[in-house]
Each structure stands twice: as C-alpha cells, then as structure tokens.
Amino acid sequence: MSAAALATPDLAREFSHLQVEGLGRSFGGVHAVQDVSFEIRRGEIVGLIGPNGAGKTTVFNLITGLDAPDAGRVHFERRDITGLPPHRIVRLGLARTFQNIRLLRGLSVLDNVKIAYHHHCRYHLLDAMLRLPRFHREEREITAKSLRFLELLGLAPLADQLADALPYGCRRRLELARALATEGSMLLLDEPAAGMNPNETAELMALIRRIHREFRVTILLIEHDMRLVMNLCERVIVMEHGQRIADGPPAAVRADPRVIEAYLGPPHVA
C-alpha cells in the first residue's frame, strides 16, 4: 500500500507538542520522579533512556493518566492534561504502548485494532442493538481502516487469529497497530524492542521511521537498546534516580560524563 493511501487526510495532522514541567511522584516516601521537565517539539523522535529504576515508565504513566503526579503539570498541544483519565487523553491524540504487552487476548487480531476506534464511533447504542444502517456502515469503515494498519505492520494475514496465539514479535507489532488506530498525533512507545533479536530490532527501527514519515506523528520512546536509540532518535533525554540528567543530540549525550557515570558507575568503580 502506498504512503498516499495510508496517510489519509484525517491522519495527516499537525505535529504534536508535549511539555512536562516540574513533574514529581513518590511511592511510600521514595521519589520515583523528581522535578522532571522537558519539551517534545512537533515532529521529533525522542528517546527517553536511563538505568533500570530511573523513573522512565513512571513518567509515561504520569503523562498518559495512569497515575497522578504529586507535583508539576503536563501540557499537550497547549492544553493542560494533568490528571486527566487515560481515555480522555487518548481522545486528545496521545496514544501509548506498554512495556508489558496489554492485548485483549480473547479477541482476534483484527478486533484488537478495531477496539481502538471505540472513541471515534458516531453510532448510538440503539443503532447497534437494532443493527441499523448507520451501525453497519460505520462498522465497515472501521474494519477497512483496521485492516490497513494490520497491512502496514505485516499482520493482515493473521487478522482472524486470536491475539494470544501470536508469536512475541507479532504481539509487539499488534500493540503498535492498535496505538496507531487511535489516530492520535503523538505516540509514546515503552520499550518497543524488548525481547527482540537484532534482525527484529532492525525491522522495528525501519517501521518506526516509516510510521513517523507517513503518519506525521511525534514519537517519544523508552528503550534500553542503545543502538536503536542512537540511530533512530534525533534527541535523547536521560534520567537517573528519578531526575533528568541530560538532554540533547545522541552524540552529545553519549559523551556526557554524567550519562557515562549513570550507566557505568563512578570512574574509580569502573
């Protein structure tokens, strides 16, 4: 399928803009995130990296409404979304994937993508109960759109299979297809390459580049695969012990003494 066919007018939107200001969250007296601030400009692919326990996924949870911050604000497209529930944030155009894959395993591959369109539905409960023409027309549209996303991710031949029957790499791609199906303008990807071998990681990198180019989405991703981060991201934000310690182009971040120490330990220890 061509880029023109995939990048339909409703998906070719203006790039997103995310601003995090002084974000903080504690759990049982432990500061998981402390005074974290950063900005994601429209059209960027940005990596959020750091050692295990640095607070990266907590930041994602605070941005996407899965958890509420103790301090700070989150703005998306100049709108304050701090503390909004996840379904409202998705409707505003901010979608995510998870470190631990969260698919509806009792549903088919196709239905897992279709369900992402739930908040776009225009028909009413009565339309569905009585199977009125409006319901059938919109269901056909949703099915066609969902199959396009599955085709992009190489999953169209598996559309009728149950999600829990898929190999690990395909389940990762299905979660990405479902995030795309929200038709948002920004994607937050939490360790998309986790568990993948080098060939799968290379394919994923090419796929993310294609998604960024064809769907005009801004991307913020958490990833431990430094080769992927350094080759894919235009900018890298580094966290340690719940704080941001670096933010800049990959080459500059890689050479930053604070980043080297965070990953390798103090010089006398290394």
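The values are calculated or read from the model by the stated rules, or taken from the named source; none is laboratory data. Please read all numbers here as calculations on a predicted model, not as lab measurements. For neighbour counting, all protein chains shown are included, and Cβ atoms are generated from backbone atoms with ideal geometry for every residue, glycine included.
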Heads up, the helices (runs of 4 or more DSSP H) in segment 50-165 (entirely inside) with at least 3 residues that are under 19 Å from the mean Cα position of the chain (by Cα) and modelled with pLDDT of 85 or more are 56-63, 86-91, 109-114, 133-152
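Determine whether segment 9-21 contains at least one residue that is modelled with pLDDT under 90 and touching a Gly at 6+ places or on another chain (Cβ under 7 Å). Walk me through it before giving the result.
Residues of segment 9-21 that are modelled with pLDDT under 90, as a first pass: 9-17.
Among the residues that remain, those that are also touching a Gly at 6+ places or on another chain (Cβ under 7 Å) are: 15-16.
Within segment 9-21, one or more residues are modelled with pLDDT under 90 and touching a Gly at 6+ places or on another chain (Cβ under 7 Å).
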Which of the residues spanning segment 233-246 are within 18 Å of the chain's Cα centre (by Cα) and surrounded by fewer than 23 Cβ atoms within 10 Å (Cβ to Cβ)?
Glu234, Arg235
Going by what's in this entry, would Arg227 be described as surrounded by fewer than 23 Cβ atoms within 10 Å (Cβ to Cβ), among the basic types (Lys, Arg) and closer than 24 Å to Leu103 by Cα?
no
Here, strands (runs of 3 or more DSSP E) confined to segment 201-270 with at least 1 residues that are acidic (Asp, Glu) and touching a residue at least 40 places away in the same chain (Cβ under 8 Å) are 235-240, 243-248
Within segment 214-224, track down each residue that is modelled with pLDDT of 90 or more and touching a helix residue (DSSP H, G or I) at 6+ places or on another chain (Cβ under 9 Å).
Val217, Thr218, Ile219, Leu220, Leu221, Ile222, Glu223
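Is it true that Glu214 is surrounded by fewer than 20 Cβ atoms within 10 Å (Cβ to Cβ), touching an Asp or Glu at 6+ places or on another chain (Cβ under 7 Å) and not assigned by TED's automatic domain parsing to the domain that holds Asn112?
Working: surrounded by fewer than 20 Cβ atoms within 10 Å (Cβ to Cβ): yes; touching an Asp or Glu at 6+ places or on another chain (Cβ under 7 Å): no; not assigned by TED's automatic domain parsing to the domain that holds Asn112: yes.
So Glu214 fails the test.
Out of all the residues in segment 42-51, is one or more under 10 Å from Gly242 (Cβ atoms) and surrounded by fewer than 22 Cβ atoms within 10 Å (Cβ to Cβ)?
No - not one qualifying residue is present in segment 42-51.
For Ala165, are the conditions met, namely being without any contact (Cβ under 8 Å) to a residue 24 or more places away in the chain and either touching a Ser or Thr at 6+ places or on another chain (Cβ under 8 Å) or on the phi < 0 side of the Ramachandran plot (or both)?
Details: without any contact (Cβ under 8 Å) to a residue 24 or more places away in the chain: yes; either touching a Ser or Thr at 6+ places or on another chain (Cβ under 8 Å) or on the phi < 0 side of the Ramachandran plot (or both): yes.
Yes.
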At pLDDT 95 or above, in the same structural domain as His31 (by TED's automatic domain parsing) and at positive phi, is that true of Gly242?
yes
